[in-house]
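Here is the structure we will look at.
The values are calculated or read from the model by the stated rules, or taken from the named source; none is laboratory data. Bear in mind the structure is a predicted one, so any value in this text is a computation, not a measurement. Cβ placement follows ideal geometry from the backbone for every residue including glycine, while neighbour counts extend to all protein chains displayed. For accessibility, only protein heavy atoms count, side chains too; no ligands or nucleic acids. Shrake-Rupley method; radii C 1.70, N 1.55, O 1.52, S 1.80 Å.
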There are 4 protein chains.
Amino acid sequence: MSLTDEIATTVAQLRRTVADLHGELTRNELVIWTAGNVSARVPGRDLMVIKPSGVAYDELSADSMVVTDLHGSLVHGEFAPSSDTAAHAYVYRHMPEVGGVVHTHSTYATAWAARGEPIPCVLTMIADEFGGDIPVGPFALIGDDSIGRGIVETLRSSRSPAVLMRNHGPFTVGRTARDAVKAAVMVEDVARTVHIAHQLGRPPALAADDVDRLYARYQNVYGQQ
Amino acid sequence: MSLTDEIATTVAQLRRTVADLHGELTRNELVIWTAGNVSARVPGRDLMVIKPSGVAYDELSADSMVVTDLHGSLVHGEFAPSSDTAAHAYVYRHMPEVGGVVHTHSTYATAWAARGEPIPCVLTMIADEFGGDIPVGPFALIGDDSIGRGIVETLRSSRSPAVLMRNHGPFTVGRTARDAVKAAVMVEDVARTVHIAHQLGRPPALAADDVDRLYARYQNVYGQQ
Amino acid sequence: MSLTDEIATTVAQLRRTVADLHGELTRNELVIWTAGNVSARVPGRDLMVIKPSGVAYDELSADSMVVTDLHGSLVHGEFAPSSDTAAHAYVYRHMPEVGGVVHTHSTYATAWAARGEPIPCVLTMIADEFGGDIPVGPFALIGDDSIGRGIVETLRSSRSPAVLMRNHGPFTVGRTARDAVKAAVMVEDVARTVHIAHQLGRPPALAADDVDRLYARYQNVYGQQ
Amino acid sequence: MSLTDEIATTVAQLRRTVADLHGELTRNELVIWTAGNVSARVPGRDLMVIKPSGVAYDELSADSMVVTDLHGSLVHGEFAPSSDTAAHAYVYRHMPEVGGVVHTHSTYATAWAARGEPIPCVLTMIADEFGGDIPVGPFALIGDDSIGRGIVETLRSSRSPAVLMRNHGPFTVGRTARDAVKAAVMVEDVARTVHIAHQLGRPPALAADDVDRLYARYQNVYGQQ
């Protein structure tokens, strides 16, 4: 398929953005070797930009990024897409508000996922970003829509942009790929802090209405408007 | 408001200092994404220099720093000030000896804060820098003076330049912004070491008069006079 | 011994590769000081390229790498070979499919080795790369073939490319030296994640047929074909 | 005092060496801010080269290093010597075989020191480098010879080049300053690994004669002869 000029410019920018955002995964120590991936939806098209499969992070470039349709079929690019492409594609098909998806096996979030325990909302930072406990999704094998369906069903019953897939690891979503990366960074950070807090006791949960107030404020007031 | 020449030079230097000190927060792994901030009082004025809200650490520069009055209202700068500005401002209004304030969500200090437990003075380094246990402050919602009041009331009943705000994270103060950053680095370091010590037992506390001797010596003798 | 032209070219390339792969050990924080080593078999010859003994990682270069026969005797190079050379050589003599061997004392894998406990297969990533639990090998003293024999006997009864040698640390193998380094990186990563999961409970093991499916897929489908 | 030409050259080299070795402390994450120091004996003289007090690691240079006598009195240099100078000097006065001393508050070693527990010899790497358990020294206040005496008395009853001073942190010695730094790096590494092993059980200790064999081999055979 050849891309029209207009969409070609958008795709070129997204390839650059998605390639660069993988640098945040390594800088924040969320991934090792090739085990994590970022994608972005091409706005207004049934297309996404995603990492190629099994390529090392320091060999990634805008050119090596892959374009697929929203069923994971290769549309543009020289490499096979990430083995997690089907999960990303399922999310884009079923959550139209989502513009970016990230998957890692970051250590502490994956440890919660291994035990199948949600991360309890015991920190103001969790209330701010996740709006409550960070939920656990089902165990699902790679190879069909099981992982994607597990992600979407879990996220729909929560305000959290992160889901801990059982015995597997975290997936995060965002309005943009950068927002999804931010959620991936923050889910690991709070997974670590709450884990460490739990090693020596049980911190009290925040009251539900305090969580609501913090979440509302952070989503609406924080940052540059 | 336009700044007079004299104060303009001081403010320009403080913008540079405060911007650079954020680099110590990342270098010492006390913060992720945009979740931490440093401020400095403008000496002799009811003004402070603080980080802008929601701006990434590697995009910070002297120019992007913000000047507010000591009620948190913007006086100079192109960005909205940190969402924690009210807490910093409250500290400057009520603790005239304080010239710098730092807030992070550093992992181990925040874990102690989540459980609401003070860090016990079981290391000579804690006696040196903190003069005793590192105290816990109350849970307080963002949005008014609650956080600032909790910080000030807790610090006043202690020699510690650090307070662990419940379910939130540490705030530190210092004669200068650099001193407050040093306290932020050291509170995380001792929070981590004591946490790890506690995982396999309970270290004995230092005797009170040994704490006093160590504190007096470190505050008066250490470093270049 | 002087090397023929053809083999000299191959050896020169392998010296470069093996020297560079030590950089992955430090980048992934698997080693400190001089305590870890990578080797590669010279294809079709009874030779291997390995790290010199006791040389700091940032002083390693292609030129400082050592060539030995498969009994560990020096064939080419200015330095004494790694003190673990006998173990590497034993593996190459008895596992003809192995082209690379790595030894580290990486923290979490060594902690499992110290307790003599296999790492249970509780993560999809473990099923993918290791095909089941990561096994423990016997305690063996350095100085003869004991370590090599322990590695080979343990690996032969497992699909895992990694073995945790009791009270010592992990050894990994691969079709190439790069594959063995990847296994060294991943064994530490999963050792850490499963350790952390176990600190607060016991994650359920994956079902044996799910492990088989994940392993088959990852070995055959993952990456660029 | 002005130094003779011959000794001046030696001292200049040692200033460079000692300054550079502080870079190993930061690279190996053994120290924060200014809380750790390296010294070297000036061979054949009652002099030592040591870090200045309270100076940041990235501001250290050969020129900022300080020369003192073996009672800690300043002989040469523009800064006040490290507040730990008396302890270093005591070691040099009483252990003529020691050419270098290092002190840190590295996290895991300090955690063992806080509990007053020796690190048990459960790893071949501990037998190699430390020749048995890593011993605990007494609690001692800074300000006189107490710390130095505690270090020397503890090290004399052990083969270990490291001692864990109670409620304080590790001190290490070596034939050279570089050897003492190596011991500081390794004591933290094994303190961490054994701590992590202990979190989920108790690893068996090595047999005493295996420890002896490993220690003898490592001290005599390892490295380039």
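Among the aspartates and glutamates, select those whose C-alpha is under 16 Å from the C-alpha of A:K182, and discard any that sit fewer than 8 residues away in the same chain.
Excluding near neighbours in sequence, the set is A:D20, A:E24, A:E29, A:D128, A:E129, B:D58, B:E59.
For chain C, modelled as a Gaussian network with Cα springs under 10 Å, which listed residue fluctuates most, C:I196, C:I119, C:I32?
C:I196
How much of the DSSP bridge set in chain C is antiparallel, in percent, rounded to the nearest 5?
Of the beta bridges lying entirely in chain C, close to 90 percent run antiparallel.
Under a point spin-label approximation (7 Å from Cα along Cα-to-Cβ), what is the A:Q219-D:E97 distance to one decimal in nm?
The two pseudo-label positions are separated by 6.9 nm.
Roughly to the nearest percent, how much of the accessible area of the stretch B:1-51 is carbon and sulfur, given a 1.4 Å probe?
Whole-percent figure for carbon plus sulfur exposure: 47.
Please give the Cα centre distance for the stretch D:1-80 versus the stretch B:178-200, rounded to the nearest Å.
A separation of 27 Å, based on Cα centres.
Anyone know which of D:H88, D:H168, D:H103 comes out most mobile in the 10 Å Cα GNM of chain D?
D:H168
Considering only protein heavy atoms and a probe of 1.4 Å, how much of the accessible area of the stretch A:69-182 is carbon and sulfur, as a whole percent?
Roughly 48 percent of what the probe reaches on the stretch A:69-182 is carbon or sulfur.
Just to confirm, what accessible area per residue do you get for the stretch A:1-49 at 1.4 Å probe, in whole Å²?
47
Which longest run of chain A has no exposed loop site in it, a site being GluC sites (Glu not before Pro) in a DSSP loop with at most 16 other beta carbons within 10 Å, and the site itself not part of the run?
A:98-225
As I understand it, the dipole of chain D uses +1 on the Cβ of Lys and Arg and -1 on the Cβ of Asp and Glu, about the Cα centre. Which of D:P204, D:L60, D:G100 lies farthest toward its positive end?
Of the listed residues, the answer is D:P204.
Span-like helices, chain B: DSSP H, alpha-carbon axial extent 27 Å or more, mean Kyte-Doolittle -0.5 or greater, which ones?
Counting only whole DSSP H runs, the qualifying helices are B:5-27, B:177-199.
Given the protein assembly as shown, what percent of its DSSP beta bridges are antiparallel, to the nearest 5?
Percent antiparallel among DSSP bridges in the protein assembly as shown is about 90.
As a check on your grasp of the helix formula, calculate [θ] at 222 nm for chain A: sum -39500 (n - 2.57) over DSSP H runs of n ≥ 4, divide by the residue count, round to the nearest 500.
Value at 222 nm, helices only, nearest 500: -13500 deg cm²/dmol.
Per q in 0.12, 0.20 1/Å, what log10 I(q)/I(0) does a Debye calculation on the alpha-carbon atoms of the stretch A:1-153 return?
Those come out to -0.53, -1.34, one per q.
Can you list, largest first and rounded to whole Å, the semi-axes you get for the stretch A:34-110 by taking the square root of 5 times each eigenvalue of its Cα gyration tensor?
19, 17, 10
With label points built 7 Å along Cα→Cβ from the Cα atoms of D:L141 and D:S158, find their separation and express it in nm.
2.5
Report the net charge of residues surrounding D:V152, where surrounding means a beta-carbon distance below 11 angstrom and charges are Lys +1, Arg +1, Asp -1, Glu -1.
+1
Could you provide, to the nearest whole Å², the per residue accessible area of the stretch C:141-212 with probe 1.4 Å?
Result: 35 Å² of accessible area for each residue.
Tell me, what is a quarter of the convex hull surface for the C-alpha atoms of the protein assembly as shown, in nm² with one decimal?
39.1
Give me a single rounded figure for D:109-119: the average over its residues of other chain Cβ atoms within 10 Å of their Cβ.
6
With a 1.4 Å probe on protein heavy atoms only, tell me which residues of the stretch A:184-221 lose at least 50 Å² of accessible surface in the complex relative to the chain by itself.
The answer is A:T193, A:I196, A:Q199, A:L200, A:R217.
What is the interface area between chains C and A, defined as buried accessible area summed over both chains with a 1.4 Å probe, reported in Å² to the nearest 100?
Approximately 2700 Å², summed over both chains.
Which value, in Å², gives the accessible area per residue of the stretch D:50-120 when a 1.4 Å probe is used on the protein heavy atoms?
31
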